[in-house]
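Enquirer: The following block contains the structure, expressed as structure tokens.
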Amino acid sequence: MFFDSYDTPVFRPPSEARSFILRLTRGCAHNKCTYCNMYRGVQFQVLTDEEIVRQIGMAEAYGKQSVRRVFFADGDALVLSTERLLKILHLLKKTFPNFERASSYAAPKDILRKSEEELRQLREAGLKLLYYGMETGDSLTLAAINKGVDGEESIEVGRRAIAAGMELSVMIILGIAGVEGTHRHAIATARALSAIRPTYLGAICLMLYRGSELKAQFERGEFHPLSPAGLMEELYEIIDHLELPAGERCVFRSNHISNYAPLAATLPTEKGRLLADIDYSIAELSKMKEWDVYNHDKYAVIR
């Protein structure tokens, strides 16, 4: 559910469909990633206390008892100071008797600006789940897509959240390094995930959105996307090199609209079965004699 202050696009993870979407910012403070057009044209803005309190008040009037989960929007609500976030979490607990937890997208620079102790305070106040679009653990690819961090920093983001006791959902993008960088991207990403040990792991296939720099690079012949089978081969390499301790539990999903195969597993216990499923997908996708990079039904590109 959401209310006023939504005059620009709103995005949220699929798992937050039944959450109260509380907008703390508009847009994305970074807004420079070459593959993303989510907030292009949206001027970044931090909402005032009055605007935030008004949204909470409207949610209270609409269904005080029904609000259990809250998602902080937009792209990097954690750009707010820890003190201010703690006040918002306190107000949510005070307002909604059945409040269970809050969650948010986690932009890497926002996390790196907060200490482990600050994150722990936020966790204890109710911010229990972060969605982290790591995309890749490879420094060269991170620089190419203008993510704003390098490989070691991308690991530190995840490590800091996990150390603070938060649940962490990490998203990676298959094909983000193109044909030339696929092996490097796969190995570095597996290494980063092994170091972070996320609670949840999602893999999506690269989508070239209109208005993004990466799509323009593709159209100029500067970026060479992977074939459908190539995307699955990249995923196989990532999962094959992913090392999680026995007894660990990481829920893996690739059920985004961009994915060719809806895969699911609990790692590391089902790693062998997941690799077999990916291998089967590679064999089936390899039968495709043609694939059109402008046809979203065949390849993840949107005009």
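The values are calculated or read from the model by the stated rules, or taken from the named source; none is laboratory data. Predicted model, so just to flag it, every value in this text is computed and none were measured. Here Cβ is always computed from backbone atoms with ideal geometry, including for glycine, and neighbour counts include all displayed protein chains.
Enquirer: When residues of segment 142-159 are filtered for being under 14 Å from THR189 (Cα atoms) and touching a residue at least 60 places away in the same chain (Cβ under 8 Å), how many remain?
Expert: Here the count works out to 0.
Enquirer: I'm told ARG18 meets every condition in (1) buried (at least 16 other Cβ atoms within 10 Å of the Cβ); (2) free of Cβ contacts under 8 Å to residues at least 60 places away in the same chain except one. Can you identify the failing condition by its number?
Expert: For ARG18, the failing item is (1).
Enquirer: Still on this model: Scan segment 244-256 and give yes if some residue there is among the acidic types (Asp, Glu), in the same structural domain as LEU285 (by TED's automatic domain parsing), closer than 24 Å to ARG191 by Cβ and touching a strand residue (DSSP E or B) at 6+ places or on another chain (Cβ under 8 Å), otherwise no. Write out each step before concluding.
Expert: At the first step, the residues of segment 244-256 found to be among the acidic types (Asp, Glu) are 248.
Adding the requirement that they be in the same structural domain as LEU285 (by TED's automatic domain parsing) leaves 248.
Add one more test, that the residue is closer than 24 Å to ARG191 by Cβ, and what stays is 248.
Those left that are additionally touching a strand residue (DSSP E or B) at 6+ places or on another chain (Cβ under 8 Å): 248.
Scanning segment 244-256 turns up at least one residue that is among the acidic types (Asp, Glu), in the same structural domain as LEU285 (by TED's automatic domain parsing), closer than 24 Å to ARG191 by Cβ and touching a strand residue (DSSP E or B) at 6+ places or on another chain (Cβ under 8 Å).
Enquirer: Report the residue count in segment 39-69 for those that are out of contact with any helix residue (DSSP H, G or I) (no Cβ under 9 Å at 6 or more places or on another chain), touching a residue at least 40 places away in the same chain (Cβ under 8 Å) and not in a loop (DSSP other than H, G, I, E, B).
Expert: 6
Enquirer: Would you point out which residue out of PRO268, PRO198, PRO228 is modelled with pLDDT under 95 and either outside the structural domain of ALA177 (by TED's automatic domain parsing) or within 23 Å of the chain's Cα centre (by Cα) (or both)?
Expert: Details: PRO268 fails: modelled with pLDDT under 95; PRO198 fails: modelled with pLDDT under 95.
Step by step, each of PRO268, PRO198, PRO228 is checked, and only PRO228 is modelled with pLDDT under 95 and either outside the structural domain of ALA177 (by TED's automatic domain parsing) or within 23 Å of the chain's Cα centre (by Cα) (or both).
Enquirer: For the subset of segment 128-149 comprising residues that are in contact with a helix residue (DSSP H, G or I) (Cβ under 6 Å, 6 or more places away or on another chain) and among the aliphatic types (A, V, I, L, M), which member is nearest to TYR35 (Cα to Cα)?
Expert: MET134
Enquirer: Contact list please: Cβ distance under 7 Å, first residue in segment 187-200 and under 17 Å from TYR131 (Cα atoms), second residue of a type in the set (S, T, N, Q) and not in a helix (DSSP H, G or I), pairs at least six apart or on different chains.
Expert: As it stands, the answer is THR189/THR136; PRO198/SER169; THR199/SER169; TYR200/SER169, since those pairs meet every condition given.
Enquirer: Suppose the filter is free of Cβ contacts under 8 Å to residues at least 24 places away in the same chain and closer than 25 Å to ASN37 by Cβ; does GLU213 pass it?
Expert: On the way: free of Cβ contacts under 8 Å to residues at least 24 places away in the same chain: no; closer than 25 Å to ASN37 by Cβ: yes.
The answer is no for GLU213.
Enquirer: When residues of segment 18-29 are filtered for being modelled with pLDDT of 90 or more and part of a loop (DSSP other than H, G, I, E, B), how many remain?
Expert: Residues flagged as modelled with pLDDT of 90 or more and part of a loop (DSSP other than H, G, I, E, B) within segment 18-29 amount to 3.
Enquirer: Moving on. What single numbered condition from (1) within 18 Å of MET166 (Cα to Cα); (2) in the same structural domain as VAL46 (by TED's automatic domain parsing); (3) of a type outside the set (Lys, Arg) fails to hold for LEU92?
Expert: (1)
Enquirer: Which one is surrounded by the fewest Cβ atoms within 10 Å (Cβ to Cβ), of the residues in segment 57-74 that are in contact with a strand residue (DSSP E or B) (Cβ under 6 Å, 6 or more places away or on another chain) and of a type in the set (Gly, Ala, Ser)?
Expert: Residue satisfying both the conditions and the ranking: ALA59.
Enquirer: Another question about this same structure. Quick test of your reading of the structure: LEU193 fulfils all but one of (1) among the hydrophobic types (A, V, I, L, M, F, W, C); (2) crowded, with 18+ Cβ neighbours inside 10 Å; (3) over 21 Å from GLU153 (Cβ atoms); (4) in contact with a strand residue (DSSP E or B) (Cβ under 7 Å, 6 or more places away or on another chain). Name the failing condition by number.
Expert: Going through (1) among the hydrophobic types (A, V, I, L, M, F, W, C); (2) crowded, with 18+ Cβ neighbours inside 10 Å; (3) over 21 Å from GLU153 (Cβ atoms); (4) in contact with a strand residue (DSSP E or B) (Cβ under 7 Å, 6 or more places away or on another chain) one by one, LEU193 breaks only (3).
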